[in-house]
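A short reminder: the numbers here are calculations on the coordinates, not readings from a lab. What you are looking at is a predicted structure, and each value in this text was computed from that prediction instead of being measured. Every residue, glycine as well, gets a Cβ built from its backbone with ideal geometry; the counts of neighbours run over all protein chains shown.
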Amino acid sequence: DTGVSQDPRHKITKRGQNVTFRCDPISEHNRLYWYRQTLGQGPEFLTYFQNEAQLEKSRLLSDRFSAERPKGSFSTLEIQRTEQGDSAMYLCASSPPRTGGINEQFFGPGTRLTVL
Amino acid sequence: AQSVTQLGSHVSVSEGALVLLRCNYSSSVPPYLFWYVQYPNQGLQLLLKYTTGATLVKGINGFEAEFKKSETSFHLTKPSAHMSDAAEYFCAVRGNTGFQKLVFGTGTRLLVSP
């Protein structure tokens, strides 16, 4: 029974470079979420996918950020022209199809991004 | 809209002592409330959740929380702290209709001394 996996776990990049993170949700989870967590803060919602459709996007997701979930399986989060303010932990979570109750979001270990 | 306030960025207790982590929420609709724990370099793990029904909710690792609507609170407690409880704890809220994002508090770091 594997959980949510994220790759890479750590990424150091120089300002202005593009980076891409990958999230593999738990098998058969059709809902996928991205959050950003900066130092000393709680996670902040970025975006939500149901299957391959991106249904919700936060104002935090500027035009430098793009997320995809082709075929409704894994997801990628790309940041273009990184800025130092993008340094954060990027968390991915997934949840199963709704069955009438509240479905728990299962979180991955995160990708820690450092922009120099 | 929803928001969460966690009082105390750090809480220190001795092993065996009562753990009390405070969470107050604001929500324009009936809330669903959650407590998550985060160990260093790991993702968040759900401790417990309140949706409807019984207001005293029991979770994993001996933790429990009580939903008090009149006080807009959802404090997390554990009768006896263990060294392994040292971690960051996050309270979160979401609305009860449709898609509602999880809104997290800023977290409370629990320190447990021998």
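Scan the range B:1-19 and report the pairs whose first residue is under 26 Å from B:Lys69 (Cβ atoms) and touching a residue at least 12 places away in the same chain (Cβ under 8 Å) and whose second residue is surrounded by fewer than 12 Cβ atoms within 10 Å (Cβ to Cβ) and of a type in the set (Ser, Thr, Tyr), with Cβ atoms within less than 6 Å and a gap of 6+ or a chain change.
B:Ala1/B:Ser28
One line per residue, one yes/no per condition, for (1) within 14 Å of chain B (Cβ to nearest Cβ); (2) more than 24 Å from B:Gln42 (Cβ to Cβ); (3) in contact with a helix residue (DSSP H, G or I) (Cβ under 8 Å, 6 or more places away or on another chain); (4) not in a strand (DSSP E or B):
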{"site": "A:Phe21", "(1), (2), (3), (4)": "yes, no, no, no"}
{"site": "A:Leu39", "(1), (2), (3), (4)": "yes, no, no, yes"}
{"site": "A:Leu55", "(1), (2), (3), (4)": "yes, yes, no, no"}
{"site": "A:Arg59", "(1), (2), (3), (4)": "yes, yes, no, yes"}
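Looking only at the range B:68-104, filter to residues that are aromatic (Phe, Trp, Tyr), within 14 Å of chain A (Cβ to nearest Cβ) and within 17 Å of B:Leu7 (Cβ to Cβ); which one of those is farthest from the chain's Cα centre (by Cα)? Break it down into steps so the answer makes sense when it comes.
Residues of the range B:68-104 aromatic (Phe, Trp, Tyr): B:74, B:89-90, B:99, B:104.
Now restrict to residues that are within 14 Å of chain A (Cβ to nearest Cβ): B:89-90, B:99, B:104.
Restricting the remaining residues to those that are within 17 Å of B:Leu7 (Cβ to Cβ) gives B:89-90, B:104.
Numbers: B:Tyr89: 6, B:Phe90: 6, B:Phe104: 10 Å.
Checking each candidate, the answer is B:Phe104.
Being within 9 Å of chain B (Cβ to nearest Cβ), touching a strand residue (DSSP E or B) at 6+ places or on another chain (Cβ under 8 Å), surrounded by 14 or more Cβ atoms within 10 Å (Cβ to Cβ) and of a type outside the set (Lys, Arg) is true for just one of A:Phe65, A:Phe74, A:Phe107, A:Phe49. Which residue is that?
On the way: A:Phe65 fails: within 9 Å of chain B (Cβ to nearest Cβ); A:Phe74 fails: within 9 Å of chain B (Cβ to nearest Cβ); A:Phe49 fails: within 9 Å of chain B (Cβ to nearest Cβ).
Of the residues listed, the single one that is within 9 Å of chain B (Cβ to nearest Cβ), touching a strand residue (DSSP E or B) at 6+ places or on another chain (Cβ under 8 Å), surrounded by 14 or more Cβ atoms within 10 Å (Cβ to Cβ) and of a type outside the set (Lys, Arg) is A:Phe107.
For the range A:94-104, state whether one or more residues are under 18 Å from A:Gln6 (Cβ atoms) and hydrophobic (A, V, I, L, M, F, W, C).
no
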